[in-house]
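Structure first, commentary second.
The values are calculated or read from the model by the stated rules, or taken from the named source; none is laboratory data. Since we're looking at a predicted model, the values are computed, not measured. In this analysis, Cβ positions are derived from the backbone assuming ideal geometry, glycine residues included, and neighbour counts consider all displayed protein chains. Surface accessibility is based on the protein's heavy atoms, side chains included, excluding ligands, DNA and RNA. Shrake-Rupley method; radii C 1.70, N 1.55, O 1.52, S 1.80 Å.
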Amino acid sequence: MKVTCPHCSAPLVVPDEYAGQVGQCSMCSGEVPIPEIPGAVKTPAGAADGPTDPMSQYQLGCRYFKGEGMPQDHEKAVYWFRQSAEQGFALAQNKLAQRYTRGEGVPKDLSEAVRWFRMAAEQGYVSAQHDLGLCYAEGIGTKKNPVEAVKWYLLAAEQGHPGAQNKLGQCYTRGMGVPENKVEATRWFRKAAEEGYAPAQYAMGYCYANGSGVEQDFEEAAKWYRKAARQGDMNSQHVLGQCYYGGIGVTEDLSEAVKWYTKAAEQGHVAAQLALGACYFSGEGTEQDYTEAAKWYQKAAQRGEPGAQFMLGLCYAAGAGVPQDLAAAVDWFQKAAGRGNADAQYYLGSYYQQGLGVETNLEEAKSWYEKAAAQGHEEAKAALAEM
């Protein structure tokens, strides 16, 4: 790089590796601050002393990254990953790509991440092939290209990468980058599922439940949902709860339904929170507990679930599990009604008609009755007929 001495104005040429340091002018011997190069990766102090073979460089990078046997230092980790990667070591290329993806030890740069993923992927490194496919599928650091995504997913899938097999199944399900083919989708889901990959096990459950690519079989669906649920997959836990609640593919068991709803709800699954709230409200599969019901309705309601918002409104209206508060009931009915919940629209109309929690407003009442009636709500139709 070119710099100018601040003392004698002499033009100087300085190697890039001295960026960010203080040099000495060759003309007047004065100190010359050497500016940083934007986006450049600095050589960490003392990093030059180290191994030269790529495997050892990679291992040293890992130790710096994790702080194993030395202070954790992401910049030094990146330095050694780069030294190894530039010698063509695929594991280091993949690690370097991940650092650029997350901005760890270097400024986040998704296009640079794609460049390093590609180098590792072209050497057959399976994890990089999967991640490069994901970049093309999602448009991360490059333009979206479903066909290119499928190409890399397939290469990884054929090496047995369960995540890539699952992604390939999704591509065939949706016709993304390949013609839609539910049978082929199921074939790839099964490969990943049999390796214990929970998202693919959930997908297999869905395929059997809906007859997608296989003959419909609710018992087989429940089997796959259970495998994924036991690994903590919250979607599978919720659906398995539904299976036990309705006796779908399993013997009906409401307490077992509550067990799985609880596991999913505790992970933040909104539909499971609503279902669990309903079980506590009605005393199905557990002792009736309005306080616990209101707690779970509140969690789902705050996430925008209209059914939970309506039920929480009912709790406030009746003082079930929460202090009675008609204004709060109206507020939750309003939220649910605005999201299209017909029961909430009917109740909101009724509260405006009667002046419960709000001032009486017959026009507003009629408007909400009409919205509910348009969705086939019979009580709303009757209320309109009587106005």
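Considering only residues in segment 216-233 that are farther than 21 Å from residue 251 by Cα and of a type outside the set (Gly, Ala, Ser), the one that is surrounded by the most Cβ atoms within 10 Å (Cβ to Cβ) turns out to be 233. If only residues of segment 344-385 that are in a loop (DSSP other than H, G, I, E, B) and not small (Gly, Ala, Ser) are counted, the one that is most open to solvent (accessible area, probe 1.4 Å) is 359. Checking each residue in segment 177-206 for being part of a loop (DSSP other than H, G, I, E, B) and farther than 19 Å from residue 222 by Cβ picks out 177, 178, 179, 180, 181, 195. For segment 163-170, the criterion of a residue being among the basic types (Lys, Arg) and free of Cβ contacts under 8 Å to residues at least 24 places away in the same chain is satisfied by no position.
The single condition among (1) farther than 17 Å from residue 317 by Cβ; (2) surrounded by fewer than 19 Cβ atoms within 10 Å (Cβ to Cβ) that residue 331 does not satisfy is (1). Restrict the check to segment 103-123 and report whether at least one residue is part of a loop (DSSP other than H, G, I, E, B), open to solvent by 30 Å² or more (accessible area, probe 1.4 Å) and closer than 30 Å to residue 185 by Cα. Checked against the condition, which is being part of a loop (DSSP other than H, G, I, E, B), open to solvent by 30 Å² or more (accessible area, probe 1.4 Å) and closer than 30 Å to residue 185 by Cα, segment 103-123 yields at least one hit.
Looking across segment 65-89, the residues that are assigned to a helix (DSSP H, G or I) and open to solvent by 40 Å² or more (accessible area, probe 1.4 Å) come down to 65, 66, 74, 75, 76, 83.
Residue-wise test of (1) part of a loop (DSSP other than H, G, I, E, B); (2) within 26 Å of residue 221 (Cα to Cα); (3) open to solvent by less than 20 Å² (accessible area, probe 1.4 Å); (4) among the β-branched types (Val, Ile, Thr).
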residue	(1), (2), (3), (4)
252	yes, yes, no, no
257	no, yes, yes, no
260	no, yes, yes, no
263	no, yes, no, no
273	no, yes, yes, no
277	no, yes, yes, no
287	yes, no, no, no
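For first residues located in segment 271-286 and at positive phi, partners that are open to solvent by 40 Å² or more (accessible area, probe 1.4 Å) and of a type outside the set (S, T, N, Q) and lie 6+ apart or on another chain with Cβ distances below 9 Å form the pairs 283/289; 285/245; 285/253; 285/254; 285/256; 285/259.
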